[in-house]
Amino acid sequence: MKFASIGSGSKGNCTVISNNSTSLLVDCGFSLKQTTARLERLNMNPQDIDAVLVTHEHDDHWSGVRALCMKYEIPIYLSAGTYRAVNDRCLGPINLVDTEVPFTIGGFKILGITVPHDALEPLQYVFETNSLRFGLLTDLGHLTPYIFEHYSCLDALFLEANHDELMLAEGMYPSFLKARISGNWGHLSNSQAIDFVNKIDHARLQHLVFGHISDRNNCRSVLKKLVNQTSGILGKVHYANYEYGSDWIEII
Ligand SMILES: [Zn+2]
Ligand SMILES: [Zn+2]
């Protein structure tokens, strides 16, 4: 199994996950033109995508889904709440995902995990193929026992490190926005993310990718410094950004 981000941040997110037979996208917060160009960088075409899974209705995850899926007749997977929130009855083939009910697409077994975020019914996803497990976890305000349970024993993890607490507190955002971002239904801070990695069973973690990094309230060097100060993080650490995303990362 391999995965790559074609872009990650407050303005747009999209992740590609692929094995020998099936290629999936999670979210698409980019225009059709941008998505096509960004996929090309990974030697992929939109025609290669077998399904798009949506985490929630916020624009940075949803804005490009409709155009992509309508043009290339790609089936969409999303929760009933997200479907209600996007309020679009002309989306083509829709598959509703229930949290805690595993489903399969091609060679992937997938589980949708409920997360605390200010959307109607947000889900994050864990993918399994050939006994390898990859977890995607962004857009959540805090970590629940249920999340700990499902994100242990992964081979790779793409994890939100949205903001540095001090940079957010001292930054230019209005106080209501600061409260939203740092609140229980907002986004994970650098220290929450690192603390999470330390607490889950990460003995077999090969790759850890930090993503959804805010360009206003965080910076890679601050996060990197914190990661380097933390002992015991196993696996290779990567940082995905908005402009480039990441290279393909292979899990073996
Ligand atoms: Zn987001
Ligand atoms: Zn969101």
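So here's what we get for this one:
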item	result
Tally, over segment 78-98, of residues that are at pLDDT 95 or above, open to solvent by 20 Å² or more (accessible area, probe 1.4 Å) and not in a helix (DSSP H, G or I)	3
Segment 30-41, residues that are open to solvent by 10 Å² or more (accessible area, probe 1.4 Å) and of a type outside the set (Lys, Arg)	Ser31, Leu32, Gln34, Thr36, Ala37, Glu40
Output for segment 49-60, where each listed residue is crowded, with 16+ Cβ neighbours inside 10 Å and assigned to a helix (DSSP H, G or I)	Asp60
Wholly enclosed strands (runs of 3 or more DSSP E) of segment 100-178 bearing at least 2 residues open to solvent by 40 Å² or more (accessible area, probe 1.4 Å)	108-114
Residue list for segment 71-113, restricted to those being under 18 Å from Glu149 (Cβ atoms) and away from ligand 1 (no atom under 16 Å from the Cβ)	Asp98, Thr99, Glu100, Val101, Pro102, Lys109, Ile110, Leu111, Gly112
Of the criteria (1) within 16 Å of ligand 2 (Cβ to nearest atom); (2) in contact with a Pro (Cβ under 9 Å, 6 or more places away or on another chain), which one Lys109 fails	(1)
Number of the exception - Tyr239 against (1) out of contact with any helix residue (DSSP H, G or I) (no Cβ under 6 Å at 6 or more places or on another chain); (2) closer than 27 Å to Leu42 by Cα	(1)
Pair list, Cβ under 8 Å, 6 or more apart: segment 38-52 residue closer than 14 Å to Val26 by Cα, other residue acidic (Asp, Glu)	Leu39/Asp48; Val52/Asp27
Residues being free of Cβ contacts under 8 Å to residues at least 40 places away in the same chain and under 18 Å from the mean Cα position of the chain (by Cα) - total across segment 213-235	1
Scope segment 205-252; condition among the polar types (S, T, N, Q) and closer than 20 Å to Asp60 by Cα; matching residues	Ser214, Asn217, Asn218, Asn241, Ser246
Set Gly92, Gly81: member being free of Cβ contacts under 8 Å to residues at least 60 places away in the same chain, over 18 Å from Gly12 (Cβ atoms) and within 16 Å of ligand 2 (Cβ to nearest atom)	Gly81
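The values are calculated or read from the model by the stated rules, or taken from the named source; none is laboratory data. Remember, predicted model here, so these are calculated numbers, not experimental data. Note that each Cβ is placed from the backbone with ideal geometry, even for glycine, and that neighbours are counted across all protein chains shown. Note: accessible area is taken over every heavy atom of the protein model, side chains too, but ligands, DNA and RNA are not part of it. Shrake-Rupley method; radii C 1.70, N 1.55, O 1.52, S 1.80 Å.
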